[in-house]
Amino acid sequence: MTNNISRKDFLVRAGSALAVSAFGLPSILTRQNNGKLGVALVGLGNYATNILAPALQLTEHCELRGIVTGSPKKIPVWQKKYDIPDANVYNYKTMYEIANNDDIDVVYIVLPNNMHAEYSIIGANAGKHVWCEKPMAMNVEECRAMIDAAEKNGVQLTIGYRMQHEPNTQTIIKYGKEETYGRITAIRSGGGFRANHEPDNWRAVGEMGGGSMYDIGLYALNAARYSTGLEPVAVRGKQWSVREDIYSDCDEYTDFELEFPNGLIMEGQSSFGKGMNYLDVDCSDGWYRLRPFLSYSGVRGATSDGTILSPDPGNQQARQMDNDALAIKNGTNPTAPGEEGLRDVRIVQAIMDSSRLDGQWMQL
Ligand code: NAD
């Protein structure tokens, strides 16, 4: 513990420490480590295995120290690869025991979308900070319960909106704020790829949070909000599937429109059927765009006055996790707190409602 710890920092840490006091000495008083926060990945699927764990080898302010998994055969592989001790291995039933483990400061929920709320709340109640993948949860009620659990336990709840940490994205956020190219007059954004899920894969099952809008369309929706810095007042959407044999239960495609308070309309698209990856912003005095705008690397942009936004060579997820770890260490607000996730989930729900009502405008 440093001597120059701020009062706010102390309060955030103390909140977390108090939550575990029933189980032993608070982690901030006992930990002997390298100053990095210990992260436990919860759910060892594709994103955790191939993207987050490797990124956690590059981070300065946090590191991989634990795993929570329901697949026993994955345990020795992860332990060997990342030097994870037996004491830091949990399954979904024992995860609450992380409360006793001073090695772990953060649980990172990387599970199917319908499991985000339950395991985020278990993590918060164990006195651990929670990072949760997007979409935050299935509905607004779940999002609120997650926010409440984090508040009650004095821990941070942060959503894995990696684009908000990406430098070219941050540049265009600044363009919007400073009206570098004038007032925004139109936004168009779409995210999609040609997916081919098994029909029983959770991404094709509505009640598990499947569908293209939650998976990839969310990036376009979030982009409209971060580009303008505004909250939409109305939305309408249309959802459908072409490959009914796979996506009978959720949207293969979504088209949506957002109306902002100043009358600005954003047109969004989402797809599991075709590739797209664009964010175009028109302004009163010019334009800018990012293409691709949501990829793990290679995000690049151009503007009407010839400015080129070249790809950042850094690792996007390492940057995100370092920023989020610093927010915990410094007791500052994270870039994308739970409230940010809730706003998107609320809008996606309204898009779904609108689609059921033949594309009627829904007030937000
Ligand atoms: P995945 O299907 O590859 O992995 C899901 C994991 O959950 C698996 O390890 C699986 O065993 C486990 N699991 C536990 N209970 C399960 C159950 N009942 N049914 C199915 N799986 C179960 O998924 P993923 O691609 O790793 O995605 C996980 C989360 O990460 C999702 O919320 C997704 O939206 C998010 N994600 C975010 C990004 C990003 O760029 N931010 C990228 C990919 C995925």
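The values are calculated or read from the model by the stated rules, or taken from the named source; none is laboratory data. Because the structure is predicted, anything quoted here is derived from the model rather than measured. Every residue, glycine as well, gets a Cβ built from its backbone with ideal geometry; the counts of neighbours run over all protein chains shown. When the accessible area is computed, the model is the full protein with side chains, heavy atoms only, and any ligands, DNA or RNA have been set aside. Shrake-Rupley method; radii C 1.70, N 1.55, O 1.52, S 1.80 Å.
Considering only region 136-152, how many residues are out of contact with any strand residue (DSSP E or B) (no Cβ under 7 Å at 6 or more places or on another chain) and surrounded by fewer than 24 Cβ atoms within 10 Å (Cβ to Cβ)?
11
What is the number of the single condition among (1) over 27 Å from Arg203 (Cα atoms); (2) assigned to a strand (DSSP E or B) that Lys81 does not meet?
Just one mismatch for Lys81, condition (2).
From the list Ala336, Ala302, Ala318, Ala325, which residue is surrounded by fewer than 19 Cβ atoms within 10 Å (Cβ to Cβ), of a type in the set (Gly, Ala, Ser) and at pLDDT 95 or above?
Every option except Ala302 fails the conditions.
Read through the list (1) more than 21 Å from Asp344 (Cα to Cα); (2) open to solvent by 60 Å² or more (accessible area, probe 1.4 Å), then give the number of the only condition that Ser241 fails.
Ser241 satisfies all of (1) more than 21 Å from Asp344 (Cα to Cα); (2) open to solvent by 60 Å² or more (accessible area, probe 1.4 Å) except (2).
Residue by residue, here is whether (1) in contact (Cβ under 8 Å) with a residue 12 or more places away in the chain; (2) within 16 Å of the ligand (Cβ to nearest atom) holds:
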site: Thr49; (1), (2): no, yes
site: Gly66; (1), (2): yes, yes
site: Asp103; (1), (2): yes, no
site: Glu142; (1), (2): yes, yes
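Say whether the condition of being within 16 Å of the ligand (Cβ to nearest atom), touching a residue at least 60 places away in the same chain (Cβ under 8 Å) and part of a strand (DSSP E or B) is met by at least one residue in region 229-249.
Within region 229-249 (the criterion being within 16 Å of the ligand (Cβ to nearest atom), touching a residue at least 60 places away in the same chain (Cβ under 8 Å) and part of a strand (DSSP E or B)), the answer is no, since none of the residues qualifies.
Of all residues in region 91-103, how many are closer than 16 Å to Gly127 by Cα, open to solvent by less than 70 Å² (accessible area, probe 1.4 Å) and not acidic (Asp, Glu)?
Selection size over region 91-103: 5.
Residue by residue, here is whether (1) open to solvent by less than 10 Å² (accessible area, probe 1.4 Å); (2) more than 15 Å from the ligand (Cβ to nearest atom); (3) out of contact with any Lys or Arg (no Cβ under 6 Å at 6 or more places or on another chain); (4) at pLDDT 95 or above holds:
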position	(1), (2), (3), (4)
Trp131	yes, no, yes, yes
Lys134	no, no, yes, yes
Gln156	no, yes, yes, yes
Met163	yes, no, yes, yes
Ile173	no, yes, yes, yes
